[in-house]
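Data first, discussion second: the structure below is written as structure tokens.
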Amino acid sequence: MPVSIDLRQISFGEPMFLMLLVLPALLLVAWMWRVVKRRTEIRRLAEHRTLPIAERYALVGDLPFWLCLVLASALLIVALARPHGPATAIRQGGIDLVILQDGSASMRVKDVGTDRWRRSIRFLRVIADALSWNNDRIALALFAHIAAPQIRLTKDPNTFFFFIDHLEQSSPFRIEDETTWDTNLELGIHWGLRLIERDEELHGKSPNAKMFLMVSDGESWSGEVEKSLKKAVDQGVPVFVVGVGTLGGGAMPPFKDDKGAVIVDPETPLTSRLDRPGLRRIAAVGGGQYFELDRDSDRRIANAIIDMGKRLAPVLGAVEQHEELYWRFVFAAALLPFLGLLFLRDRSELWLQALGSAVVLLIVSIILK
């Protein structure tokens, strides 16, 4: 949430500490007197010494270091007074992320170290961890030839992780069912839109940006995909796609009946490969972007998807609030002594002053906790 602070209206929680500013003010006067005295002595020395080569003197010598210490002490006193000021925070809308998880038979292929289903669930944990969960919401729908909504849009992370824990081992679509051996993207997107519509019926229209995240291997598409994608785009819901699997692919699980007998079906594929071109085409038509697991880290993919969703989120307006400013003064006070070290020429004095600055910073940080 971006914040802008009006520095002209700063107030203090402990204004009595401001009386201590008299001390750095006196030190500043003494520092200015030292600068004038140094310049006078340099001028007098130049008049009374005759050298074949003009001697050069530093303009103020080591005095800038002491000026930095004086200014740092003044900033620390201001920090002790607990400054705070009115701030205008820009409220950014969240995202409504609807996950469309492929649960078809090809997701049981073991070509990614484990089977594609478990690899997908592991990624879903990462993307849920990456959400802020303040205004963000998440929903989950599984699809094969049929679709099965699992979670309505929720901002409760415990609900999402509860379902993920119970779905971790295998897809709820049984391998013995013929409907598991097909991937109907059209129906998946249809139920994703229904989840959004149902939420609007119950809670009203949400200001959050809507987006679909489809996790699939792209195998055996059916349904009127173009029509469903156009409907999602028309409703302002881009479709982001995450591919799981390899181009080399792997063996499909055997197709069995309810009694466990293997059924030999010439139309049932024996192997499954990642359909990268098809998934890329879906992401392009759906107005989203294509990612692929194990070509980049899960965390980076999740952050990229959420970042793009945040860019789609509208600005909800400005909110007036009070912002604590003391840490800004502490930070500036901590930098000044190290800046002053640049003007010291004596190495032993340099290390001594650096150690002293670090000790003072540590003491101040403890006081302000």
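The values are calculated or read from the model by the stated rules, or taken from the named source; none is laboratory data. Worth saying up front: this structure is predicted, and the values here are computed from it rather than measured. No Cβ is skipped: glycine too gets one built from the backbone with ideal geometry, and neighbour counts run over all protein chains shown. These area figures cover heavy atoms from the full protein model, side chains too; ligands, DNA and RNA do not enter into them. Shrake-Rupley method; radii C 1.70, N 1.55, O 1.52, S 1.80 Å.
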Identify the single condition in (1) at pLDDT below 85; (2) open to solvent by 40 Å² or more (accessible area, probe 1.4 Å); (3) in contact with a strand residue (DSSP E or B) (Cβ under 7 Å, 6 or more places away or on another chain) that Lys227 does not satisfy, given that it satisfies every other one. (3)
Does Asp111 satisfy being in contact with a strand residue (DSSP E or B) (Cβ under 8 Å, 6 or more places away or on another chain) and not hydrophobic (A, V, I, L, M, F, W, C)? yes
For residues that are over 23 Å from Gly103 (Cβ atoms) and assigned to a loop (DSSP other than H, G, I, E, B), tally how many sit in region 180-237. 7
Hits in region 40-80 - residues which are among the small types (Gly, Ala, Ser), open to solvent by 30 Å² or more (accessible area, probe 1.4 Å) and modelled with pLDDT of 75 or more: Ser73
Taking the conditions exactly as written (over 26 Å from the mean Cα position of the chain (by Cα) and open to solvent by less than 50 Å² (accessible area, probe 1.4 Å)), does Ser170 satisfy them or not? no
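Conditions (1) charged (D, E, K, R); (2) part of a strand (DSSP E or B); (3) over 27 Å from the mean Cα position of the chain (by Cα), marked per residue:
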site: Asp96; (1), (2), (3): yes, yes, no
site: Leu100; (1), (2), (3): no, yes, no
site: Met107; (1), (2), (3): no, no, yes
site: Ser132; (1), (2), (3): no, no, no
site: His145; (1), (2), (3): no, no, yes
Which one of these does Ile301 not meet: (1) modelled with pLDDT under 90; (2) open to solvent by less than 40 Å² (accessible area, probe 1.4 Å)? (1)
Quick test of your reading of the structure: Leu185 fulfils all but one of (1) open to solvent by less than 70 Å² (accessible area, probe 1.4 Å); (2) out of contact with any Phe, Trp or Tyr (no Cβ under 7 Å at 6 or more places or on another chain); (3) of a type in the set (A, V, I, L, M, F, W, C). Name the failing condition by number. (2)
